[in-house]
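The values are calculated or read from the model by the stated rules, or taken from the named source; none is laboratory data. Everything quoted here is computed from the prediction, not taken from an experiment. Please note: Cβ atoms are built from the backbone with ideal geometry, for glycine as well, and neighbour counts cover all protein chains shown. Protein only, heavy atoms only, side chains kept; ligands, DNA and RNA dropped before computing areas. Shrake-Rupley method; radii C 1.70, N 1.55, O 1.52, S 1.80 Å.
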Amino acid sequence: GTPLITPSRLGFELKDAPPLGEGMALLEASQSSFDETWEQPWGETRLVRDRHNELRVRLEETTGNPRQLTLVFRLFDDGLGFRYEIPAQPGLAEFTILDELTEFVYTADHEIWSIPAFQSNRYEYLYTRAPLSKVSGSLHTPATLRTVDRPGGQLYIAMHEAALVDYASMTLKPAVSLARSSYLLKAKLVPWTDGDLVRTAAPMVTPWRTLQIARRAADLVTSYLTLNLNEPNKLGDVSWVQP
């Protein structure tokens with residue numbers, strides 16, 4: 001009953017083209033439900049339930065030569081994922097992403113466990129805990145928050161991604177707006193050596209941006225949200241795989 005994330009920016013900055021995501025009108029919104037149990041080739045549990053509601057939002061620019069963009073949201077009992085889909089369309093064949101504008105705007109100075117990104121030792125750092133307002137520089141995902149000053153009770157939120165294929169991995173850049181009492185984490189993608197982030201072509205989909213949400217930190221460990229958002233097993237029969 002209380003907001004966890006307030007309105008946050010979405011969209012892209014493109015190379016040699018106007019930004020994608022501004023001045024858009026709603027073309028269509030559709031909802032669906034999904035409930036299926038699937039078998040893992042191996043893992044902590046043999047059967048995993050994938051139960052979610054999906055919302056697809058198709059948008060189109062209101063300017064001349066309009067481009068289209070679809071946002072897909074999947075809501076699970078233990079969190080959510082969302083991704084961008086860019087369909088094949090005139091004027092947007094091959095393109096380069098210079099910035100993904102995705103933001104997660106929180107309403108309080110939550111604690112966050114994280115390790116720094118873009119450092120010499122890559123992922124080899126000890127996790128530190130600090131308020132969002134005290135964090136500087138980019139952070140690797142997964143990063144885990146513990147909420148403070150929340151009327152609905154304390155929550156743990158693990159921020160990560162799923163289905164990372166043919167796309168730059170996402171780090172998180174903290175920013176604070178004391179005037180708006182907001183504490184945000186912005187997507188910051190790992191670049192090529194020339195500064196380009198993603199070189200791609202339509203049709204394309206981005207990885208899922210994921211929020212695993214739990215009342216207890218231990219429940220983040222037993223969440224299968226990330227697995228459910230990854231692509232299904234393409235090996236077929238794996239009965240020949242023996243431990």
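Are any of the residues in region 195-213 closer than 26 Å to D149 by Cβ and either of a type in the set (A, V, I, L, M, F, W, C) or outside any strand (DSSP E or B) (or both)? The answer is yes; a qualifying residue exists. Selection of region 1-41 for residues being charged (D, E, K, R) and over 30 Å from Q242 (Cα atoms) yields R9, E13, K15, D16, E22, E28. Within region 18-38, the set of residues being outside any strand (DSSP E or B) and either within 21 Å of the chain's Cα centre (by Cα) or farther than 26 Å from L185 by Cβ (or both) comprises P19, G21, E22.
Suppose the filter is in contact with a Phe, Trp or Tyr (Cβ under 7 Å, 6 or more places away or on another chain) and on the phi > 0 side of the Ramachandran plot; does G21 pass it?
yes
Just one of the listed residues (R150, R74) is open to solvent by 40 Å² or more (accessible area, probe 1.4 Å), in contact (Cβ under 8 Å) with a residue 60 or more places away in the chain, under 30 Å from H52 (Cβ atoms) and in a loop (DSSP other than H, G, I, E, B), namely R150. Comparison of Y167, Y183, Y156, Y224 shows that the only residue that is surrounded by 13 or more Cβ atoms within 10 Å (Cβ to Cβ), touching a Ser or Thr at 6+ places or on another chain (Cβ under 9 Å) and farther than 27 Å from Q119 by Cβ is Y224. Among the acidic types (D, E) and under 25 Å from E13 (Cα atoms): which single residue out of D149, D194, D219 fits that description? The unique qualifying residue is D194. For residues that are open to solvent by 50 Å² or more (accessible area, probe 1.4 Å) and in a strand (DSSP E or B), scanning just region 39-51, find the one that is nearest to L10 (Cα to Cα). Step by step, filter region 39-51, then rank; the result is R51.
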